[in-house]
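**Q** Have a look at this one before I ask anything.
The values are calculated or read from the model by the stated rules, or taken from the named source; none is laboratory data. Note that this is a predicted model, so its numbers are computed, not measured. All Cβ positions, glycine included, derive from the backbone under ideal geometry; neighbour counts span all protein chains shown. Heads up: the accessible areas ignore ligands, DNA and RNA and are worked out on the full protein's heavy atoms, side chains in. Shrake-Rupley method; radii C 1.70, N 1.55, O 1.52, S 1.80 Å.
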Amino acid sequence: MTETLEKPIRATEINPKFKYEIAKMHGGEKLMRCFQCGTCTSDCPVARFSDTYRPRQIIRLAQLGLKDRVLKSDTLWLCAACFTCTDRCPQDVEVASVIRVLRNLAAEQGIVPRVFTEEGSSILESGYAYRIPELRLKKRETLGLPPLPKGNVESIRKTLHDVGFFKKCVEKKGE
Ligand code: SF4
Ligand code: SF4
């Protein structure tokens, strides 16, 4: 995020309607209440271990209408959704929810880090977020452990279809 803010801001980058777009979405309503006190960043367990992840800056980029910068920022995906920031914000900004809204907008544009698209395709294939190596499955057998339960892929696909995931994210990405 530091990199994202280090570049000078050009007037042409600013989308004045962006904050209203966010404020219309569930969880994003209180975006404009933020007065940049920094409490969210100082209490964030991820920011503590990162030189670049700063929830306060994400909120500021969104308020300023720097849509492309914030949606294309890798750090957007570092949030662990622990909601500490939301609990501590003196202005009742739902910081974690704003970040979720921003991620959803990024995903609709096909901007999702590879690690998550791989995780998603694994869930669609097997119901598991992680492709379990064949060797490990065999090892279970040799240890006398029962086979892993099968993931309900059909149900997952139906849910994702019903929430428009394929239309919004998968097809969009392939455009
Ligand atoms: S704690 Fe709330 S008011 Fe303070 S910077 Fe974070 S979002 Fe803004
Ligand atoms: S929800 Fe995300 S931004 Fe908020 S404190 Fe947790 S990791 Fe940090």
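**Q** How about region 93-109: which of its residues are away from ligand 2 (no atom under 14 Å from the Cβ) and either open to solvent by 20 Å² or more (accessible area, probe 1.4 Å) or under 15 Å from VAL46 (Cβ atoms) (or both)?
**A** ASN104, GLU108, GLN109
**Q** Take region 51-92 and flag every residue that is of a type in the set (Ser, Thr, Tyr), surrounded by fewer than 22 Cβ atoms within 10 Å (Cβ to Cβ) and either near ligand 2 (Cβ under 8 Å from one of its atoms) or modelled with pLDDT of 95 or more (or both).
**A** THR84, THR86 - these are the residues of region 51-92 that are of a type in the set (Ser, Thr, Tyr), surrounded by fewer than 22 Cβ atoms within 10 Å (Cβ to Cβ) and either near ligand 2 (Cβ under 8 Å from one of its atoms) or modelled with pLDDT of 95 or more (or both).
**Q** I've got another one for you. Restrict the check to region 163-170 and report whether at least one residue is in contact (Cβ under 8 Å) with a residue 40 or more places away in the chain, of a type in the set (Lys, Arg) and not in a loop (DSSP other than H, G, I, E, B).
**A** Within region 163-170, the subset in contact (Cβ under 8 Å) with a residue 40 or more places away in the chain is 168-169.
Now restrict to residues that are of a type in the set (Lys, Arg): 168.
After this cut, where a residue has to be not in a loop (DSSP other than H, G, I, E, B) as well, the list is 168.
Yes; the residues of region 163-170 include at least one that is in contact (Cβ under 8 Å) with a residue 40 or more places away in the chain, of a type in the set (Lys, Arg) and not in a loop (DSSP other than H, G, I, E, B).
**Q** Are there any pairs with C-beta distances below 8 angstrom linking a residue in region 32-58 that is not assigned by TED's automatic domain parsing to the domain that holds THR84 and near ligand 1 (Cβ under 10 Å from one of its atoms) to a residue that is modelled with pLDDT of 95 or more and open to solvent by 40 Å² or more (accessible area, probe 1.4 Å), with the two at least 6 apart or on different chains, and if so which?
**A** Final answer for the pair search is none.
**Q** So, in region 116-127, exactly how many residues are loosely packed, with under 15 Cβ neighbours inside 10 Å and either more than 25 Å from LYS72 (Cα to Cα) or modelled with pLDDT of 90 or more (or both)?
**A** Residues meeting the conditions: 1.
**Q** Something else: Could you check region 71-130 for helices (runs of 4 or more DSSP H) lying wholly inside it with 3 or more residues that are touching a helix residue (DSSP H, G or I) at 6+ places or on another chain (Cβ under 8 Å), within 13 Å of ligand 1 (Cβ to nearest atom) and under 14 Å from ILE58 (Cα atoms)? Explain how you work it out, then say what you get.
**A** Numbers: elements: 84-88, 95-108, 114-126.
Qualifying helices (runs of 4 or more DSSP H): 95-108.
**Q** Taking helices (runs of 4 or more DSSP H) that fall entirely within region 1-47, which contain at least 1 residues that are modelled with pLDDT under 95 and farther than 16 Å from VAL93 by Cβ?
**A** In region 1-47, 2-6 are the helices (runs of 4 or more DSSP H) which contain 1 or more residues that are modelled with pLDDT under 95 and farther than 16 Å from VAL93 by Cβ.
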